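Accompanying notes for the structure given below.
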Amino acid sequence: MKRRRPLGQAELEARIAATDPTHDAWVAANAGSGKTRILRNRVIRLMLDGTPPDRILCLTYTRAAAAEMQGRIFAELARWVTLEDTALDQAIGELVSTAPESYHASAKERALARGLFARAIEAPGGLKVQTIHAFAERILHLFPIEAGVPLDFAILMDEEARALRDTARRETLEAALATPASGLGKAFGEILEAAGLAAFGRALDEALAALSRLALEDQHLPQDGQLAAAYQKALGVGAWESLGRIEADFLTSFDPALFEGAAGIIEAQKKVSDAQRALADVLRAAGRALRAEKPNPALVIAPFVTDKGLPKARCIFTKDVLAQAPELAELDDAAKAAWLAYRARRHAFLTCTRSLAMLTFAREVQRRYVGAKTARSLLDFDDLIAALRRLLTSGQAAWVLFKLDGGIDHVLIDEAQDTTRAMWDIIAALTEEFFAGEGARKRVRTLFAVGDEKQSIYSFQGADPRVFEEYRRYFAEKSPRGALIETPVPLTFSFRSSDDVLSAVDDVFRPEENRRGLTARGEALEHKSADLDFPGHVEFWPPARPREAGEVPGHVRVAEEIAQTIAGWLAAPERHLVDGRPIRPADILILVRVRNAFFEAVRKALKALGVPVAGADRLTLQNELVIQDLIALAQAVLVPEDDLTLASVLKSPLFGVTEAELEGLARGRGGSLRAALAERGEEKWQAFATWLDALAERARRDAPFPFFAGVLSGPAPVDLTRSVQAVLAEQLGAEIADPINAFLHQALSHAQEGAGALLPFVLAQQNRETQLKRDAEAAEDKVRVMTVHGAKGLEGRIVFLADAHGTPDRAMEPAVLLLPQPRGEALLLWSALPRADEPAPLQQEREARRAVL
């Protein structure tokens, strides 16, 4: 039997104080410390204190978290209905006392406790445990006129929003190409000159997200007539500035004779090394470049900088050369200083012009996207938050809440570290009257927040631990009962891990430089296990060194080593135990930072050794091989003249044609590949041709769903005794079930929207990127390979931090930034300059530390 470590009087008192229904509280909960239980207990204690269930609002971050919270509350209240008095006293005592075994409830208290389940079920509007987006939708449907939203608005889901944005992007691109001399056309030309199409696509996505953030936080851009001046002032760029002027100012600071003279002095030394002779050649080339009609700044500065364009750390001239010509030291210093000034000035100018160009293009895409939403009376998730924020911060919050079931007396926030600034503004407006005037005097109204700065790893969704701390201070000042906000309640005990693992974590982050950015106040970490018998082990593997020529890449070596280790455990179950039983695949969780080549290498290595692997936790539907095969098949039967598509289909698992067979079929044919297939006399080819003919007939009359459903359930051309889906599953793995189901659902939705023909659906799929998320918690007995973000909240008996070594990848750094300006304005910045020579930004390093933690 496992032994639980006593939490200690101080910890028990802190947990009970955090759930006290008469005080505001801010809880700093370590991972696995039981925050969901604390939330549940707080809600139940509020109801025990007489608060009507419908006057409690509990905001969570995801629908799954809301469902779990509500389920836990109802399960506990339902259990209380049938408990005997002694057991019920114990249950209530666990909420309110550090000595629950000696707690004795009154008869009135017991009767109230047994009736809470019915009160929660029958409450008008129900127990409000929901996401902030669901709450916003409800309020806006009740007050659409006051909020300025369409009366009959509908919610635009992520996938549909992506499709509308893609349409707006395509229309904007077509407009720019059609009118290259227009402002939009010139902006697009500037963008293409700065970056390729791939970099442009990513930067545009970030620019659109930045514009959405401006709307969310009620910020705005300077007026159109003042935009250029605002950029120039913010970046220190003169209105007269140009690249030509910047370059000319840089070049006129050099005398070619100095370069040539320095080269001569070097060559005149008694002993001249190969490196010094090469330097002399480069100096002469720099001198020639300065005398050219159009000097190249890179050639001029080449002797003084590294390959990455950074000034060399030491003087380029030797002591002997400097002894003969001391003035060359000044040349070295002056050249490097001039180069840095030139780069900074050029960078500022290009950032100014390119940011304006990106803003011009992004605003046009945004205008078309907003127009499409307005025409259809649609609101996306950002619109919900922005509209509710405007409504509640316009001075109407008290009236809105009064009309909303008589008001809200208690607000609880789950996963507070992931709450964005706009969401905090909503919460501040909801609780404004809790802390002042009549609202504070008539009855106790409370705020409760639980979160953990160290788990703030969703900056790409707008989360910022600095905002978390900023609002903690705000509420600590506002609340007359804010002692537990001023000094947050710490939950340090973990019910998920062992002392061995937790102490290793604390040791890693004990040095101040290692924990920089984990918390706003920089305090040392403290984790304790609540289970004395929970075994633990931490093992560090040496990092993979850079490979020599011809060696297997480092990420592949590490992936294979992980796979071999796991395969060895599973092959000898009697020797490798966890919790006293053999290790199972489901016990193992492999975490990576991003889904990159290493992510795929791990999955491939595990499969090669026969280790069962769960499907990827997230995937892009249209990138899945099985979906690409199905779409290609439809294209091949819809367009018989498309030889390339038919060739790829014939090589797919559906037909299993080899390269040699395909070459024999294609070589020397007089017409299309489809015609050549029908003309071949062999039984195999005739069977394939007959199958494709039947499918072509169905493609002309069937909608997408019956077509693809019939294909998947029907016999496979390569083996008529088995279905197409069975053949695909054998070749591509059982995990194809999820993308197939999602694909069929899209096919069914396509028909329901009125566009039932197969061809439009196939064409639409080529331009879509449908993101699927699997429920990794409900995975079968398989090894899970996931990103740190996707695994948040999950558990594993054995966890590999597979790529925890190294600094953040600069490719993940945001390309677009918002620069705050006075009067609630902001500027969108995009430089598109190479930045590989710069260190990773501090904010990204901090989030990387939190992700590893």
| What nm distance separates the two modelled labels at Glu663 and Leu322, each placed 7 Å from Cα along Cα→Cβ? | 6.6
| query | At what distance in nm do the modelled label points of Val552 and His789 sit from each other, each positioned 7 Å from its Cα along Cα→Cβ? | reply | 3.0
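For the chain, what relative contact order do you get, as a whole percent, if you take Cα pairs closer than 8 Å and at least 6 residues apart? List each step's numbers first, then the result.
On the way: 1157 pairs, mean separation 146.8, N = 853.
Relative contact order of the chain: 17 percent.
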| request: With a probe of 1.4 Å, find how much accessible area the chain has per residue, and write the answer as a whole number in Å². | output: 49
| request: Grab the Cα-Cα distance for His347 and Thr690, subtract it from 0.36 nm times how many residues apart they are, and report the gain in nm with one decimal. | output: 117.1 nm
| message | Is the C-alpha gyration tensor of the stretch 631-711 telling us rounded, prolate or oblate? Criteria: a/c under 1.5 is rounded; beyond that, a/b larger than b/c is prolate, otherwise oblate. | response | prolate
| request: When a/c is below 1.5 the answer is rounded, else prolate if a/b is larger than b/c, else oblate, so apply that to the stretch 36-86 with a ≥ b ≥ c taken from the square roots of the Cα gyration tensor eigenvalues. | output: oblate
| message | Please compare each pair in Lys604/Lys792; Lys373/Lys792; Lys373/Lys478; Lys294/Lys336; Lys270/Lys312; Lys35/Lys478 to a cut-off of 28 Å on the Cα-Cα distance and tell me which ones are over it. | response | Lys373/Lys792; Lys373/Lys478
| Gap in Å between the Cα centre of the stretch 664-730 and the Cα centre of the stretch 80-131? | 65
| Counting Lys and Arg as +1 and Asp and Glu as -1, each charge on the Cβ, what is the dipole of the chain about the Cα centre in debye, to the nearest 20? | 800
| field | Within the chain, helix-based [θ] at 222 nm, where runs of 4 or more DSSP H residues each add -39,500 (n - 2.57), nearest 500 | value | -16500 deg cm²/dmol
| task | Would you please classify the overall shape of the stretch 260-352 from the alpha carbon gyration tensor, given that a ≥ b ≥ c denote the square roots of the eigenvalues, rounded means a/c under 1.5, and beyond that prolate means a/b larger than b/c while oblate covers the rest? | result | prolate
| request: Name the lysines eligible as straight-distance cross-link partners of Lys271: C-alpha to C-alpha under 19 Å, and not fewer than 8 places from it in the same chain. | output: Lys319
| Between Phe800 and residues 5 or more places away or on another chain, which pairs have amide H atoms under 5 Å apart, with H built 1.01 Å from N, and which residues are they? | Leu589, Ile590, Leu591
| Which whole-angstrom value gives the distance between the alpha carbon centres of the stretch 292-306 and the stretch 173-222? | 33
| Which entry in (1) 1.08; (2) 1.15; (3) 1.03 is this structure's computed Cα Rg over 2.2 N^0.38 Å? | (2)
| Taking the Cα-to-Cβ direction at Ala334 and at Arg545 and moving 7 Å from each Cα, how far apart do the two end points lie in nm? | 4.7
| remark: The distance between the Cα centres of the stretch 318-371 and the stretch 233-271, in whole Å, is 14
| request: Please work out the FRET efficiency for the pair Ala675 and Arg367, using the Cβ-Cβ distance as r and a Förster radius of 56 Å; give the result to the nearest 0.05. | output: 0.70
| note | With a Förster distance of 60 angstrom and the Cβ-Cβ distance between Asp781 and His141, calculated FRET efficiency to the nearest 0.05 equals 0.85
| query | What residues of the stretch 665-692 lie in the reach of a label at Arg698, counting those whose backbone N is under 16 Å from a point 7 Å from the Cα along Cα→Cβ? | reply | 688-692
| note | For the stretch 231-292, averaging the sequence separation of alpha carbon pairs under 8 Å that lie six or more residues apart and dividing by its residue count, the contact order in percent is 35
| task | Evaluate E = 1/(1 + (r/R0)^6) for Ser713 and Arg63, where r is the Cβ-Cβ distance and R0 equals 41 Å; express this FRET efficiency to the nearest 0.05. | result | 0.80
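Would you mind calculating the gained length between Glu470 and Val282 on full extension (0.36 nm times residue separation, minus the Cα-Cα distance), in nm to one decimal?
62.2 nm
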| query | How much length, in nm to one decimal, is gained on full extension between Ala17 and Ala175, taken as 0.36 nm per residue of separation minus their Cα-Cα distance? | reply | 50.7 nm
| note | The relative contact order of the stretch 575-692, taking Cα pairs under 8 Å that sit 6 or more residues apart, comes to a percentage of 13
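The values are calculated or read from the model by the stated rules, or taken from the named source; none is laboratory data. The structure presented is a predicted model; accordingly, all values stated were derived computationally and were not measured. For neighbour counting, all protein chains shown are included, and Cβ atoms are generated from backbone atoms with ideal geometry for every residue, glycine included. Keep in mind that these areas ignore ligands, DNA and RNA; they rest on the heavy atoms of the full protein, side chains included. Shrake-Rupley method; radii C 1.70, N 1.55, O 1.52, S 1.80 Å.
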